[in-house]
Each structure stands twice: as C-alpha cells, then as structure tokens.
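Participant: Encoded as structure tokens, here's the structure I'll be asking about.
The values are calculated or read from the model by the stated rules, or taken from the named source; none is laboratory data. These numbers were taken from a predicted model, which means no experiment stands behind them. Glycine also receives a Cβ, built like all others from the backbone with ideal geometry; neighbour counts cover every protein chain displayed.
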Amino acid sequence: MAARPTFPAGLALDAHKQQACGTPIVELPLPPQVVLALDQGTGYSAEPVVTVGEAVAAGTLVAHAGHPYASAVHASLAGIVVAIETREAAVPSGRSVCIVIDGNASNRIDDSVRPVADLAALSPDELVQRLRDAGIAGLGGAGFPTATKLAYARNLGAHTLVLNGAECEPWICCDDALMRSAADDVVLGALILRRAASAERCVIAIEDDKPAAIAAVTSAIERLRDEALTLAVVPAVYPQGAERQLITAVVGVEVPAGGLPADAGVVCQNVATAAAVAHWATRGEPMLSRVVTVTGSGVEHPGNVRAPIGAPLAALIAASGGYRDTPLRLIAGGSMTGRALPSDEVGLTKSMNCIFVATRDDIGSRLEAVEVPCIRCGDCAGVCPAGLLPQQLLRAAHADAHDTLRQLGLSDCIDCGLCDYVCPSQILLADRFRDARRRLQEAAAMAQKAADARERHGLRKRRQQEAATAEQQTFESVRDRARRPDDDSAGDSN
Amino acid sequence: MNAGAILIAVLVAATLAVTLGVALGWAAARIEPNADSLVERIDALLPQTQCGQCRYPGCRPYAAAIASSAAEIDRCPPGGEATVRALAELLDRALRPLDPEFGVPKPAQVAWIDEARCIGCARCLPACPVDAIVGTSRQMHTVITRQCTGCELCLPPCPVDCIELRPAPAVSRRYSQPRAA
Amino acid sequence: MRFDTSPAPHVIAGYTVPRVMFQVLFALLPAGMAHVVLFGPGLLLQLAVACVTALLAEAAALRWRGRDAAPALKDGSVLVTAFLLAFSIPPLLPWWLGALGTALAVLLGKHVFGGLGQNPFNPAMVGYAILLVSFPAEMTRWPVPMDVEGSRSWSELARMSVASFYGADLTTHWDGYTGATALDSIRSGLDLRYTLPELLARGDIAGTLGARGFAWINLAALAGGLYLMLRRIVRWHIPVAVLGGLLVPSFIAHGLDSGNALGPAMQAFSGATMLTAFFIATDPVSAATSDRGRLWYGAGIGLLAWIIRTWGGYPDGFAFAVLLMNLAVPFIDRYTVPRIYGRQP
C-alpha cells in the first residue's frame, strides 16, 4: 500500500524500536501493592469515593471523575485501601493524591464487572456515559478522558474518527505490539467508538514502518467487513502521531488554531484506547490495565508489558529483567516528549505508554550538549510541524515580549521537540518555549484576575458610596423634618 | 560663494527655526495630555490587589497620584519589579528599585480561613476590598480563592487569627517538564 | 531507586556549530585548489594571514567584551569569515591589507554587534567592501591566470606572489604578470566601444565556459556547494535564488543585446558568482529567516549583482549586493512569516 502525502516538515528519526518489539506482550504478575494517582496525566484529579481501611475488589470504583478532564479510577487489585495521600506521581505537576491499595490473595472481582449485554441497544449518549464510568482515557500519552472527547465530537458534529496507530515517537512500540496481537479488539473498539462519536467513517492510521501491524489490522478489517472502516498507511515521519498532524495527513484538513479537532469534523483516538473499549464491551472491565513499553539500554530485557494501572514502575522493570548498566534517567514516554521521573516508586498511569530507562548510550547527545549562541541557521523552522519560526520565538522568549510571542504563534507549538533536536547550537528550545508558554498563561491569568478585582473593587466602592449617600439622605430628611417649624420664619427673614 | 547665497541660507534656516518653534510651543500649550486616560493606563498596569501598601486606598487612587506626580512608581510590592518596569516605560521615567519602606515583593498568595477556628464574627467581611470572603454572623466564613488578591487586609480584624496566607494555586498545568539541572 | 530529571527532548541529533563550520571549510577545498593552480600560491599566504588575524581579533574582542574566548575560537565560525575574505581578495594583496581587512571584518563586522549570531552584515563582505573602496588599485590587481596563452610559469607566479605579499612594487619587475580580472577587462573594453564578441575573441579574457581562471574556481566552488547541499548544511533556497536573480536578467539582456550584455554562462562562471551563491549569501546569521524569505533574499542579491555588473562602478558587484540585501533582511523577514498550522494565511 502506498504511503499518503503528509503534513509539511517533520523529520524521520532513528526509531530505536527493535529493542522492545521482537518479543510478545508479557503479562505482569499481580504486584503486592498498587499506587493509583487520582490525576491520571491531564492535571485534573478524580475525587476519592473510598476511605482508608476499606476493602475493594478488582474493578471497584475508588475515585469519581467530577471534572470533565479527570477520569474515573478503579481498583486494579483486590485488597485494602491503606493510604490516600499526596505522593510523587508521573503527572505534569509531579505530585498527585494517590490511593494506595495493598493486595490480598482473594483476586475478588467487583460485581459491576459484567459483559455489556445491551451494547447494541445503547444510544450514543448512553455509550459515552458508560465509557466515562469505565474510566476509559486516551492511552496514547495525554490520558485525556475518551468520553469528554467523544462528547465534543458529538456536539460539533464530527464526521470522521481517526484511530491513531502512528506511534511516531522513538523507542515506543506498545501500540505496534497491541495491533499485532489484538487487531480484532482494535477494530471492534473502533466501531464502538465510531458509534459513540456518531461519526460516519473511521480511519485507522498506521506508519509504514510497521508492516506486521498493518497486515494484522488489514485482515481484522477484512474479517469484519464494515464499509465505514478503512486503513490509512502514513509515512514514518516524526511527529506523525501528533493529533493535528495526523488529522492533516489522513483527512487532509487542518485543525484551526486554538480549536479542537472536532472543529475540523474529526475526532482522534488511540488504537490502544479502542482495544480498551473492546475489553470493556466484551468483559465489562473498566480501565484496569494497559500495555506499556519498557525499553532503553538500562533494562535487561526490553519488551512490552501488560500491567495493572498503579503498578509501581519498579515492578515493571523487575519483570523486564531489572536494571543493567548505569541508568541515568527514568523517562515516562519516548525520547522526544517523555517526562523524566524522579523515582521508580510511582505507579503506572493510564497516560504512560513507555518507560524508557536511559543510559549514557541512549541520551549522551543531550548530556554532552553545550549551548552556544543561535546562528540563525533556520534548521528549526525547516522541521517545525506547526510552521513556526523557533529562532524568532527564542528571541521573543528571551525578551519576554508577550505580544510578539502570541503573534509568532507560541500557543500553536505542539511541544514536539524537533527544533531542539536539530539545533546545531544545541539550545534547549523546547524547554524555553514551555517556560515562555507558562509565563504567557500566568500573565493572562493575572490580567484576568486583575480585571476581576478591579471590577469587584469598583462595585464595592459604589455600594459603599450609595450606602453613605442613603445614610446622608436619611439623616438630612430627619433633620429637615425636625427643623420644619422654623422653615417659614427662616424663609421670611430672607 | 557670494554673500547673497549665505544670506539666503541663513534666512531659510531662521524661518524654519521660528516656524517650527512656534508650532511646537503652540502644540505644547494646546494639546494637553489627557489626564484621565493616563490614570486609566497606569491603573491597567497595577496588579489590582487593592492592598493599600502604597498608602493609597486602592490601586486607582495610587494611579491618580502617579499621574499627577504626587507619588513615585516604586510603591507597589505586589506588582514587583515587572510593574515598576512597565510604569517606567509608560511614563518614560527612570527605572528605580522598589522602595522597601512600602513592603517587599512576595510570591502570589491567597487567604485561607481555618474554618474549624472561625467564630463567625464577620469582621473580615468589610475589610476585603474585592468581596472575596463569604459568610455571615455566627456562620463560618470562607474565601473565594479565585477572587482573593492576597492583600492581607483581612488579617488584622480577625480576633482569633484563623486566617492565613497560602501560596496561590499554580495557573498552568500543561506543558510542564522537570527543569534543566 | 531515584533518578535525576531533565526536560525533553532527551535525545538530540548532535549537530554542532563547529561541524557546520568545518564542513563549510572542507567544501571550499576544491575551489582553493583551483585557485592555487591557476593564480599561484598567493591564496595560501592570504589564508594564513587572514586566519591568524581573525583568531587574534576574535580573542581580543571576546576579552574586551569579558567573554570566555576558548569555545568561540574552537567553533570555527571566525575561520569561515577568514576563508571567505581570503578567497575574495586578490592573491597579490600585501599582507597588511589582508590583516586589516580581516580585523575589520571580525571587529566591525561581527563583534560590535554582539558576536556570533548577532551581526546583521556578512563580516567577510564588510571587510572586503572596506578594502575595495579604500584600496581600489591593490584590490583589482590579479595575476594573469595560468590558462591564458603565453602566461608565465607557475614558479614565477609563486615568486611574484611572495614578493607582492611582502609589499614589493610589482610595476618595476613584474609588469605584464598582473592585470585586471576578466569582468574588469570586459567593462573597460565595452567603455572603449569594443563589442562583446570582439572582447571574448581576444583569448586572454574568456575561455569556452566563462572568465579565464575564474571559470575553474567557479566550477570547483559549485562542486563544493553541491556537497554542502547534499550534507544538508546549506539548503537550496538561497543558492538557487542567487543564480536565478543573476542569470534570468542576464539571459534576457543577452538575448536583446548580445553585443554588449554578458550571457548567463559568462555571468555564472566569472568573478565571485558561485562562491557567493553557495558560501557567502548562505551565511545564515545575516540571511533572511524563512524559506520564502530566503528566496527573496537570494534573488535580490543576484539581481543587484547583475545591476552592478552591468551599470555600476565596480566590475563585480557581489560584495555590495550581499551587504545591501543584508540591510533588507528585517524587512523581508517581516513580510515572509510562514503560515502557522491551523491559521489563515
């Protein structure tokens, strides 16, 4: 199958996938303890509905998703809740309230875990709600609740569901492994998601460097014979799997700046999310586990592991043969956008697609980098998939010139890190841009807050003035009434 | 070159000088800077904490004082150096450090009421310049964190010292990565 | 187990500024060899004095500015400036003029603006232009190239180069060994009402491809430039635009008036055409930013060079064309911002 044209720019990167991709997915033995972060990677937390000391079964709801950006959390292990406390976690803020469950050997499964009998009878709205209750979240890396995305898609009338199996980031291959071993689940989940989103068609997009996954998904689609479902092979160019870039490559439209994919009539979901939806439909199981790539030169046997959400990363690494050499970084995600974690005690989150244990062999290029002044070579602009001018942005970021930053499209940066990757001056561009972006957001929030405060202060002053005037008037009218007998004589005397 | 040419040159230059001088003088006298809009623009740069650390009763009075040159631009600790810089740029005045007499900058903070200790005296309510405290007599009070400017004006009236200032919640949650070592 | 943290991306390509700079120097090698074969070893002397002066000036400037000199000296950027200047000036220049030009290039062209990455003008062209307007006689005296009929032996050329380097007066002993460049001869010939075919038929000006001597250097520079494009050090936009800006008008003009206007082949393989297109105009620091901007920038250089060659006061116009377009870069950048993904153009 011929590869389609793609978004402009980007870069073919050294994929480093062979390390982890040769072997089949390994099932992690149930760990003695799980640490369930209530923030599953989006920055918004679910609210606990259990208390310390309570017994839970596998599949019991332990935290309810109050905010649309939070996802419901279920016990991935039968046992006792031993702690609900703020801990280090693999999330953007670095800390999250976590529910810690000590396992007992009962392996009891919650009564609510039953195959969804009435699947065909469910309306799209009911389907979305059930997916929300099941805590289904995007497994591609952002952990965004699937139900919320589907709801946006329905509100804005999305016509196409794009299933993201591009997996463009180096080192990661959990989606590849899943597609090869469970293509039927992916395809079944795709159809359920398409119905939930009320989309007309569904396109599964896979990069052309994964022939085995393409073959598996092709035959799964043939077995299903659904005309709404097609496969798109896209070139292996980073960041092909970035939502906006993939949509442009597959559907041929651009997502408007500051808008949602649904504004362009598209909703995007990860292939692993689709497989999780199929899991939920056939077994009634909420999101209790995921496949994660454990890789890097710092682990003995790189591979893909299916592990319960909340499993300590140390347990996953132990299951992969443990550490080897001198691991310097523990990275959640791939080499381009992954987040370096301070500890392997943190629990697996729904958004974590890769655990990259890096040694000097892997990340020496960054460790040895020496930053020198920008020579304006423009290589960064040549690869930017958002069409930005990183070197101009850098100047503006350095000067903290907020208007210029906005004008140059800082908010359209997708944080892919390619500018950083190619920079011959080895400037930490991505980091500067994240920093500038934070400052921009803070400044906007401060300005909003100042405007609110000004308004509230003004209202309060007016209220006080009115109260004072009213008091004055009362006083004057009382005084006037008291003086009235003298009025005539006073008037006369004038 | 003859004397005539020199005379012409001198005359042209002199005429230009006189004409432009008169025009500039007239403009200076007639086109007055709009005082009100200046206060507005200064006020827009102030952080609106309404804390009174500048010894004016709120941000706008301070803005008016700056506009009329009654006060210097170095009296706003909540705005910090950034505000002084913005004011200096707007008014074309020399950049100066904050005057420590009026306080020192602190990280953004918000008031928080220990609801267990609050006796519901309602004395903090009128002190709040932005009506960010809700509550009534003999009921416990609470601070609307989103509205609180962290001005600290609610602290002195509280008879049981149940109000404390806590770091303001972070604004941005996305795009964070560990800092460079 | 606990780990250190650092921001993404965790792996980079490992390109470095020294790598870029030394690739550029490497790509100059063929042109350098052609130069030495055709014009004698003067280039090597000029290179030596330019490199030494450039390193000294860079070190001094960094010291005065209170910066650490070591990394900047190692990054090779100042050597590129020195090389480009040495390639542009005549190989017979006395050593102090080469030193003066290089020092001015590094100090006035680069460090007064804040050093690497900050200079609005191409430093080598700043040095070259100052020398050209200040010492027009010395700056237009070239050896008669080896591929002209009846030229002297290479060893004779070498002796003259060394003598000239130390400042010997060439008119007494070496008269007839030196002359104007081909472009210069054509210009003065046209001024004397000769026609172009007459001039080209003379044999000491042009060969089959372009100017005597310079044709080979241009060819070698073209080869080096293609190598840089292959290694992705230089992207195609500027070289193509420079050549387009020069060759399209010369093609039209030659078609209209073949008696007076130089044809595209002659333009392409004379003077500093290829050196400018691939090595000088492509200096990223002083070039426009976006791809579209670089097309305008390059085309402007080519067109200005053609205008100066045709009507201007100097036989070759590339130094001034580059400096003028350097001036226009902020303007070009302002109007060639690429469209951002998801935004209306």
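Participant: Evaluate the following for A:Asp400: is it out of contact with any Leu (no Cβ under 7 Å at 6 or more places or on another chain), modelled with pLDDT under 90 and more than 10 Å from chain C (Cβ to nearest Cβ)?
Facilitator: yes
Participant: A follow-up question, please. Would you pick out the residues in segment A:440-472 that are aliphatic (A, V, I, L, M) and either loosely packed, with under 14 Cβ neighbours inside 10 Å or more than 8 Å from chain B (Cβ to nearest Cβ) (or both)?
Facilitator: Selection gives A:Leu440, A:Ala443, A:Ala444, A:Ala447, A:Ala451, A:Leu459, A:Ala467, A:Ala468, A:Ala470.
Participant: Run down C:Trp96, C:Trp64 and say which single residue is farther than 30 Å from A:Asp361 by Cβ, aromatic (Phe, Trp, Tyr), surrounded by fewer than 17 Cβ atoms within 10 Å (Cβ to Cβ) and touching a residue at least 60 places away in the same chain (Cβ under 8 Å).
Facilitator: Answer to the selection: C:Trp96.
Participant: Could you check B:Arg138 against (1) outside the structural domain of B:Leu45 (by TED's automatic domain parsing); (2) surrounded by 17 or more Cβ atoms within 10 Å (Cβ to Cβ); (3) not aliphatic (A, V, I, L, M) and say which number it fails?
Facilitator: That leaves (2) as the condition not met.
Participant: Taking C:Gly167, is it out of contact with any strand residue (DSSP E or B) (no Cβ under 9 Å at 6 or more places or on another chain), of a type outside the set (Lys, Arg) and surrounded by fewer than 18 Cβ atoms within 10 Å (Cβ to Cβ)?
Facilitator: So C:Gly167 passes the test.
Participant: On the given criteria, is B:Ala86 more than 30 Å from A:Leu428 (Cβ to Cβ), surrounded by 15 or more Cβ atoms within 10 Å (Cβ to Cβ), at pLDDT 85 or above and not polar (S, T, N, Q)?
Facilitator: Criteria not met by B:Ala86.
Participant: Cβ contacts < 8 Å: first residue more than 7 Å from chain C (Cβ to nearest Cβ), restricted to segment A:251-263; second residue polar (S, T, N, Q), any location; separation 6+ or different chain. Result?
Facilitator: A:Val251/A:Thr160; A:Gly258/A:Ser411; A:Ala262/A:Asn155
Participant: Surrounded by 14 or more Cβ atoms within 10 Å (Cβ to Cβ) and either in the same structural domain as B:Cys51 (by TED's automatic domain parsing) or not in a helix (DSSP H, G or I) (or both): is that true of B:Ala94 in this structure?
Facilitator: no
Participant: Could you run through segment C:265-293 and say how many residues are β-branched (Val, Ile, Thr), within 14 Å of chain A (Cβ to nearest Cβ) and closer than 19 Å to C:Trp306 by Cβ?
Facilitator: 1
Participant: Give, as residue ranges, the strands (runs of 3 or more DSSP E) completely inside segment A:286-367 that count at least 1 residues that are within 20 Å of A:Ile136 (Cβ to Cβ), of a type in the set (Lys, Arg) and within 17 Å of the chain's Cα centre (by Cα).
Facilitator: The qualifying strands (runs of 3 or more DSSP E) are A:289-295.
Participant: Give me the helices (runs of 4 or more DSSP H) completely within segment C:210-292, filtered to those with at least 3 residues that are in contact with a Gly (Cβ under 8 Å, 6 or more places away or on another chain) and more than 30 Å from C:Tyr335 (Cβ to Cβ), ordered by residue number.
Facilitator: The helices (runs of 4 or more DSSP H) meeting that bar are C:214-230.
Participant: Further, regarding this structure: I'm trying to understand the selection: among the residues of segment C:1-23, which are touching a Phe, Trp or Tyr at 6+ places or on another chain (Cβ under 7 Å) and either of a type in the set (A, V, I, L, M) or away from chain B (no Cβ under 14 Å) (or both)?
Facilitator: Selection gives C:Ile12, C:Ala13.
Participant: Among the candidates A:Gly252, A:Gly165, A:Gly241, which residue alone is on the phi > 0 side of the Ramachandran plot and out of contact with any His (no Cβ under 9 Å at 6 or more places or on another chain)?
Facilitator: When all the criteria are applied, what remains is A:Gly252.
Participant: Out of the residues in segment B:97-114 meeting the condition of being in contact with a strand residue (DSSP E or B) (Cβ under 9 Å, 6 or more places away or on another chain) and assigned to a loop (DSSP other than H, G, I, E, B), tell me which one is surrounded by the most Cβ atoms within 10 Å (Cβ to Cβ).
Facilitator: B:Ala108
Participant: Could you please find all residues in segment B:42-60 being within 10 Å of chain A (Cβ to nearest Cβ) and either in contact with an Asp or Glu (Cβ under 8 Å, 6 or more places away or on another chain) or in a loop (DSSP other than H, G, I, E, B) (or both)?
Facilitator: Listed by number, the residues that qualify are B:Leu46, B:Pro47, B:Gln48, B:Thr49, B:Gln50, B:Pro57, B:Gly58, B:Cys59, B:Arg60.
Participant: Let me ask another. Any residue that is out of contact with any Leu (no Cβ under 6 Å at 6 or more places or on another chain), facing chain C (nearest Cβ under 7 Å), among the β-branched types (Val, Ile, Thr) and assigned to a helix (DSSP H, G or I) - is there at least one of those in segment A:404-418?
Facilitator: No, segment A:404-418 has no match at all.
Participant: Scan segment C:272-286 and tell me whether some residue there is among the aromatic types (Phe, Trp, Tyr) and either surrounded by 23 or more Cβ atoms within 10 Å (Cβ to Cβ) or under 15 Å from the mean Cα position of the chain (by Cα) (or both).
Facilitator: yes
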